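These notes are about the structure you will find just below.
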Amino acid sequence: MPRRTLWIIFAVAVISLACYERADHNRYGRWFSEVMEAIEHNYVEPVSEQDLFEGALNGMVGRLDDYSAFLTRSEAPQFEESLDGEYGGVGIELALEGQEKQLTVVSPLMGTPAYKAGILAGDKIMAIDGRGTQNLALKDIVRLLRGKPGAEVALSVRRPGREGALDFRLTRARIQTDSVLGDARNPDGSWDFLLPGPERIGYVRIAAFGKTTVSEFEAALKWLTERNCQGVILDMRNNPGGLLNAGEEICDLFIPAGAVIVSTRGRDARERNRYEATGRGPYQKLPLVVLVNDKSASAAEIVAACLQDHGRATVVGERTWGKGTVQNVIPLEGGKSLLKLTIASYWRPSGKNIHRLSSSKEGDEWGVKPDAGCEVKLDERQRADFVEQARKLDHAPRVGTSSVVESAEKTSPPMTRVEVDRQLQRAVEVMREKLAPTPTDKANAG
């Protein structure tokens, strides 16, 4: 027998022995296999191995923290789409409205198949490919609407003020969603990032931190710079977080070289990683105000904490959520499913913890608090009113746009965002104080 063949047989034997020893020392692995076999052969009804596998992993990960999760084969693509900011679909923003939870179009996204077909805000989607939408969860509805670009989907729509159903057959396309938004839409559908008024105050909202967020944000700042912007209000309210590196790169635009952005610590409480600014950011002198609320989490908290700790921004609004844990995304089943596993916690440049433990109290250190005099709390009614008014403003018809974006409900939005948003009003006041000339400025000017 050739020597090369002998070496291959020997290597395979060693690897097989190592695998056997590892399995032999993990009694839980053997018991897990025994339970699966017992169910598969003896349970009163047939059960697929895939269902057993997914159920077991959900139960296992469910014993960990709130942010670790097993994403099944059907859930993993939606998670990846949320980070990519792209998906195959028809371009409709949806909500379940009213006591009957009717599937309602909030807005067709400009330039998408739904927009071009004439679907309007306020339309009620009664069926998708012949399947009724009543009693369906929103995640199941999204799964029905999304699919490969080029594939068709049929919608049955009821429009307020019109009798009978309207039928649409749409061809799915690649939909790009904005993670960075402004104050109002321009006639061409792009965002206007300047608030009304003579001060030239920029207003930039980050909805989540995905793969395109940094490039979108830099484009917004470039747009503002070209229009002589004097300061920027960065709105991260209701931002659930996302990619850590996107938050780091945004901080890097504003702080000097060597300044700590965030650090992470593992189960032994030792610092694992420290992220520092490169100093290449072109906006280190730009006046900043950051807006957050109790739904701002994770990467949004990292950005707010970094800019606050380095004195680069005044924080306005409400105390943040307190989600300061690092999740690694581990592909399973050849990448068909995913495991989100918490491996560390985030710590502010000041050395304070961001994460709110289950045992944490209001007086403990966690999250990001507004600066002194800048807290603006909203009760549930005020919050609901603000969200509704902001929704109308985001999708209000603009002069020069096609009539298909007009709401079927014909509602009239308020004139400006600042008028309906108490927290934004306070942020504008703080920015005006930053931009007001100091006595020294007045003396030099004289």
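The values are calculated or read from the model by the stated rules, or taken from the named source; none is laboratory data. Quick caveat, the model's predicted, so the values are computed rather than measured. All Cβ positions, even for glycine, are placed from backbone atoms using ideal geometry, and neighbour counts span all protein chains on display. With ligands, DNA and RNA removed, areas are computed over all heavy atoms of the protein, side chains included. Shrake-Rupley method; radii C 1.70, N 1.55, O 1.52, S 1.80 Å.
Please give the peptides 179-189, 161-171 ranked by average Cβ packing (other Cβ atoms within 10 Å per residue), highest first, as a rough proxy for protection.
179-189, 161-171
List, in order, the whole-Hz ³J(HN,Hα) value for each residue of the range 28-34 obtained from phi through the Karplus relation with A = 6.51, B = -1.76, C = 1.60 and θ = phi - 60°; use x for Gly and Pro.
Whole-Hz 3J(HN,Hα) from phi for the range 28-34: 5, x, 5, 5, 4, 5, 5.
Among DSSP beta bridges lying fully in the chain, give the percent that are antiparallel, nearest 5.
75
How far, in nm, would the chain grow between Thr416 and Arg174 when pulled straight, counting 0.36 nm per residue and subtracting the alpha carbon separation?
83.9 nm
Got the relative contact order for the range 85-165 handy, in percent, Cα pairs under 8 Å and 6 or more residues apart?
Result for the range 85-165 is 29 percent.
Checking the cross-link filter: which aspartates and glutamates have an alpha carbon closer than 13 Å to that of Lys323, excluding same-chain neighbours under 8 positions apart?
Leaving aside aspartates and glutamates fewer than 8 places away in the same chain, those within reach of Lys323 are Asp65, Asp66, Asp294, Glu301, Glu365.
Near the amide H of Ile261, under 5 Å away, which other amide H atoms are found, from residues 5 or more places off or on another chain, if H is placed in the peptide plane?
So Ile261 has HN proximity to Tyr275, Glu276, Ala277.
Based on the mean of other Cβ atoms within 10 Å per residue, sort peptides 287-300, 42-55 so the most packed one is first.
Averaged packing, sorted descending, gives the order 287-300, 42-55.
Taking all protein chains as present, what is the carbon and sulfur share of the accessible area of the chain, in % to the nearest whole number, probe 1.4 Å?
For the chain, the apolar C and S fraction of the accessible surface comes to 52 percent.
Between Asp65 and Arg143, what length comes free when the chain is fully extended (0.36 nm per residue of separation minus the Cα-Cα distance, one decimal in nm)?
25.4 nm
Return the Cα extents of the chain along principal axes one, two and three, sorted largest first, each rounded to a whole Å.
96, 63, 50
Quick one: compute the contact order of the range 66-215, relative version, from alpha carbon pairs under 8 angstrom and 6+ residues apart, as a percent.
Relative contact order comes out at 22 percent.
With every protein chain kept in place and ligands, DNA and RNA left out, what is the accessible area per residue of the range 250-400? Probe 1.4 Å, answer in Å².
Value for the range 250-400: 48 Å² per residue.
As a test question: what accessible area, to the nearest 10 Å², does Ile343 have when a 1.4 Å probe is rolled over all protein chains in place?
50
Work out from phi, with θ = phi - 60° and the Karplus expression 6.51 cos²θ - 1.76 cosθ + 1.60, the ³J(HN,Hα) of each residue of the range 372-380, listed in order in whole Hz, and give x for Gly and Pro.
So the J values, rounded to whole Hz, are 4, x, 10, 7, 10, 8, 10, 7, 4.
In percent, how large is the relative contact order of the chain, given Cα pairs closer than 8 Å and 6 or more residues apart?
13
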